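K.L.:
Right, I'll just put the structure down here and ask away after.
The values are calculated or read from the model by the stated rules, or taken from the named source; none is laboratory data. These numbers were taken from a predicted model, which means no experiment stands behind them. Every residue, glycine among them, receives a Cβ derived from its backbone with ideal geometry; neighbour counts consider all protein chains shown. Please note that ligands, DNA and RNA were not included when accessible areas were found on the heavy atoms of the full protein model with its side chains. Shrake-Rupley method; radii C 1.70, N 1.55, O 1.52, S 1.80 Å.
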Amino acid sequence: MNLQLDDILIEECAEVIQAVTKIKRFGFINSGYNNQKHLEEEIGQLKAIIDHLVSDWRLNHSKIDKAYTAKEGAIMHYAKYNVSNQPVPKAES
């Protein structure tokens, strides 16, 4: 495959970022526009280009899976420290 996979990957990552940002700003559905559906499409396209890149660049699946598992653990570990998951502090009087 003679594509600039790295450039396409960058573009797809940016499109996922944009879709998430729109959900943060406007919600999943706003004024009849389905931001959730758009995000799902963008994630699907990102997954497709990742699969092509892994294959064409002959990346190590075991190392990718190991990093995936480590990230899953880190997400669970650090979630308890996320300020979004903490009670709102009370103002001092």
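K.L.:
For a quick check of your reading of the filter: which trypsin sites (Lys or Arg not before Pro) in region 7-69 sit in a DSSP loop and have no more than 11 other Cβ atoms within 10 Å?
P.N.:
The qualifying sites are Arg58.
K.L.:
For the chain, what is the mean residue ellipticity at 222 nm derived from helices alone (per DSSP H run of n ≥ 4: -39500 (n - 2.57); sum divided by total residues; nearest 500 deg cm²/dmol)?
P.N.:
That comes out to -23500 deg cm²/dmol.
K.L.:
For the chain, please report how many Lys pairs fall under 28 Å Cα to Cα, leaving out neighbours fewer than 8 apart on the same chain.
P.N.:
19
K.L.:
Using the heavy atoms of the protein chains and a 1.4 angstrom probe, tell me the accessible area per residue for the chain in square angstrom.
P.N.:
For the chain, the solvent-accessible area averages 86 Å² per residue.
K.L.:
Suppose the chain between Tyr33 and Cys13 were pulled fully straight at 0.36 nm per residue; how much longer would it get relative to their current alpha carbon spacing?
P.N.:
Stretched fully, the Tyr33-Cys13 segment lengthens by 5.1 nm.
K.L.:
Length gain on complete extension for the stretch Ser84 to Lys66, per 0.36 nm per residue less the alpha carbon to alpha carbon distance?
P.N.:
Separation in residues times 0.36 nm, less the Cα-Cα distance, equals 3.7 nm.
K.L.:
Take the solvent-accessible surface of the protein heavy atoms, probe 1.4 Å, and return the percent of it on the chain that carbon and sulfur atoms account for.
P.N.:
Summing carbon and sulfur atoms, their accessible area is 57 percent of the total for the chain.
K.L.:
Ratio of region 23-78's C-alpha Rg to 2.2 N^0.38 Å, to two decimals?
P.N.:
Taking the Cα Rg and dividing by 2.2 N^0.38 Å, one obtains 1.56.
K.L.:
Just to confirm my numbers, what's the Cα centroid distance between region 1-26 and region 37-60 in Å?
P.N.:
10 Å
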